[in-house]
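The values are calculated or read from the model by the stated rules, or taken from the named source; none is laboratory data. Treat the numbers as computed from the prediction; the structure is a model and nothing was measured. As a convention, Cβ positions derive from the backbone with ideal geometry for all residues, glycine included, and neighbour counts pool all protein chains shown. Please note that ligands, DNA and RNA were not included when accessible areas were found on the heavy atoms of the full protein model with its side chains. Shrake-Rupley method; radii C 1.70, N 1.55, O 1.52, S 1.80 Å.
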Amino acid sequence: MANLLLVAGTRPEAIKMAPVIEQLRRLQLDFTFVWNGQHYDYKMSKIFFEQLDLPEPDDNLDVKSGSHAQQTAESMVKLEKIIRQYMPSIVVSEGDTNSVAAAAMTSVKCLVPFAHVEAGLRSWNPAMPEEINRKIADSVASLHFAPTKPSMLNLLFEGVSRERLHLTGNTIVDVVRKHRDAARELGERIMSELNVEKEKYLLVTIHRAENTDDPSKLENILAALRKLAREFTVVFPVHPRTKERIAQTSLEHPLEGIIGLEPLGYQEFLGLLMNCLIVLTDSGGVQEEACTVKVPTVTLR
Ligand code: UD1
Ligand code: UDP
């Protein structure tokens, strides 16, 4: 019987759980890996299983897209069955997506303890769906793996007892360290394919609901990027949410002058990140990677 049940469901969770899985394998600990399927395109999910050597999921909940309530509820209903089937001694998730909130609530309601990787982050903005998800996860977790001292302090101030807290660092740093040499080489190849020069281009990622769901905000951001593209080379791998929202605008040439790309694989993206002049991003993970590889960042929040 598997002892640990790992639940992940989106691109950043696949990436940030990779070092946890690697360590579980090293320790020869038995675990079950459940993909909740919030992200499902090959380039948002399976590509990372392949590139980061994750196991094929034991189950895929196939939750896919929908409203917050739909994604969370469907995930809970399906996960409850899986938890009852495997009866793990603990459920582990990373981050602050709907997939994580659902895993946290379902496991504790099945009386299985929940462990939260990347615990204690706070934006102090209750309008952010991620802030609600991470607070739910932290409020029911029995074990908190905090990435930084401030995140640990947040939890202490919220009344989490010290013995449930572990200061671990952020697993993204392990991922970057493992892949940066290969990424550097791959980055050079991609730069030559795109005909862009080292430290002469801006890299952009945008996907937050706050930036994409309000058409006037999205149009403002795109206008700013097109303006930047008159002076700099701008490379923009487009998240599927953003692609869909851009298509809903009435703009005729929304990415005029910009090198728009499909979502990239991990080493491909890291390679472009390591070689860019500046990254402009609203991504949590990309900000953490950029400071790890010391690339100046403009945070679009
Ligand atoms: C989700 C997380 C966000 C995280 C991000 C990582 C929540 C509330 N949001 O946002 O915290 O930073 O993942 O990327 O959990 N889509 C596809 N194919 C896919 C996945 C999504 O086309 O494989 C499109 C669909 O149109 C979908 C939209 O993207 O409606 C949004 O997907 P969703 O998972 O709801 O939210 P994200 O914006 O990806
Ligand atoms: N990423 C990737 N390909 C891309 C864009 C991003 O592999 O085209 C990686 C990036 O290196 C980081 C993670 O995806 O590790 C961040 O995911 P995302 O921005 O979707 O979510 P967030 O971190 O904001 O939750």
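Specify, per residue and in Å³, the volume enclosed by the convex hull of the alpha carbon atoms belonging to the stretch 48-92.
Numbers: hull volume 4.6 nm³, N = 45.
Per residue, the Cα convex hull of the stretch 48-92 comes to 103 Å³.
Go through 210, 56 and list them by solvent-accessible area, largest first, probe radius 1.4 Å.
Values: 210 60, 56 125 Å².
Solvent-accessible surface, decreasing: 56, 210.
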Accessible area (Å², per residue) of the stretch 204-301, counting only protein heavy atoms and a probe of 1.4 Å
46
Within the accessible area of the stretch 1-115, what % is carbon and sulfur when the probe is 1.4 Å and the other protein chains stay in place?
53
The stretch 248-301 and the stretch 119-174 have their Cα centres apart by a whole-number Å value of 26
Output the 0 to 90 degree angle, nearest 10, between the alpha-carbon long axis of helix 11-26 and the longest principal axis computed from the alpha carbons of the chain.
50
Out of the total accessible area of the stretch 157-301 (probe 1.4 Å, heavy atoms of protein only), what percent is carbon and sulfur?
49
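Provide the packing ranking of 49-55, 277-283, 12-18, 214-220, i.e. peptides ordered by the mean count of other C-beta atoms within 10 Å per residue, highest first.
Working: 49-55: 15.9, 277-283: 20.4, 12-18: 25.0, 214-220: 13.3.
So the order, starting with the most tightly packed, is 12-18, 277-283, 49-55, 214-220.
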For the stretch 107-119, take each phi angle, set θ = phi - 60°, evaluate the Karplus expression 6.51 cos²θ - 1.76 cosθ + 1.60, and give the result in whole Hz per residue in order, putting x for glycine and proline.
5, 5, 6, 8, 6, 9, x, 10, 10, 10, 8, 6, 7
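State to the nearest 20 debye the size of the charge dipole of the chain about its Cα centre, where the only charges are +1 on K and R beta carbons and -1 on D and E beta carbons.
Numbers: 34 positive and 40 negative charges, 102 e Å.
Using only the charged Cβ atoms, the result is roughly 480 debye.
At a 10 angstrom cut-off on C-beta neighbours, averaged per residue, how do the peptides 116-128, 132-144 rank from highest to lowest? List each step's numbers first, then the result.
Numbers: 116-128: 18.2, 132-144: 19.9.
Ranked by mean Cβ neighbours within 10 Å, highest first: 132-144, 116-128.
Report Rg/Rh for the stretch 79-122, rounded to two decimals, where Rg is the Cα radius of gyration and Rh the Kirkwood radius.
Working: Rg = 10.2 Å, Rh = 10.5 Å.
Answer for the stretch 79-122: 0.97.
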For the chain, the longest principal axis of the Cα atoms and the Cα long axis of helix 171-194 enclose an angle in degrees, to the nearest 10, of 30
Computed for the stretch 214-273: size of charge dipole around the Cα centre, +1 on C-beta of each Lys and Arg, -1 on C-beta of each Asp and Glu, debye to nearest 20, value 120
In deg cm²/dmol, rounded to the nearest 500, the helical mean residue ellipticity at 222 nm of the chain, built from -39500 (n - 2.57) for every DSSP H run of length 4 or more, is -15000 deg cm²/dmol
Dimensionless Rg ratio for the stretch 234-301, taking C-alpha atoms and the 2.2 N^0.38 Å reference:
1.16
Counting only Cα, what are the radius of gyration and maximum Cα-Cα distance Dmax of the stretch 65-219, in Å?
19.0, 55
Expressed as a whole-number percentage, the relative contact order of the stretch 90-237 with C-alpha contacts under 8 angstrom and at least six residues apart is 16
Could you state the per residue volume, in Å³, of the convex hull enclosing the Cα atoms of the stretch 1-86?
79
Per 0.36 nm of contour for each residue apart, how much would the distance between residue 277 and residue 124 grow if the chain were fully extended, relative to their Cα-Cα spacing?
52.1 nm
Radius ratio Rg over Rh of the stretch 187-287, counting only Cα atoms, Kirkwood formula for Rh:
0.95
What are the ³J(HN,Hα) couplings of the stretch 235-248, residue after residue, when phi is run through the Karplus curve with 6.51, -1.76, 1.60 and θ = phi - 60°? Round to Hz, x for glycine and proline.
10, 9, x, 9, 5, x, 4, 5, 4, 5, 5, 5, 5, 7
Computed over the Cα atoms of the chain, what is the ratio Rg over Rh, Rh following Kirkwood?
0.97
Fully extended contour minus Cα-Cα distance, from residue 156 to residue 252, at 0.36 nm per residue:
29.5 nm
With every protein chain left in place, what is the accessible area of residue 30 in Å² (1.4 Å probe, nearest 10)?
80
When all protein chains stay in place, what accessible area (Å², nearest 10, 1.4 Å probe) is found for residue 80?
80
Could you run the Karplus curve 6.51 cos²θ - 1.76 cosθ + 1.60 with θ = phi - 60° over the stretch 146-159 and give me ³J(HN,Hα) per residue in whole Hz, x for Gly and Pro?
8, x, 9, 4, x, 5, 5, 5, 3, 5, 4, 5, 7, x
Please calculate how many Å² of accessible area the stretch 10-80 carries per residue, with a 1.4 Å probe and no DNA, RNA or ligand atoms counted.
49
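With r defined as the distance between the Cβ atoms of residue 29 and residue 197 and R0 fixed at 30 Å, what FRET efficiency is calculated, to the nearest 0.05? Provide the component values of the computation, followed by the final result.
Numbers: r = 46 Å, r/R0 = 1.53.
About 0.05, to the nearest 0.05.
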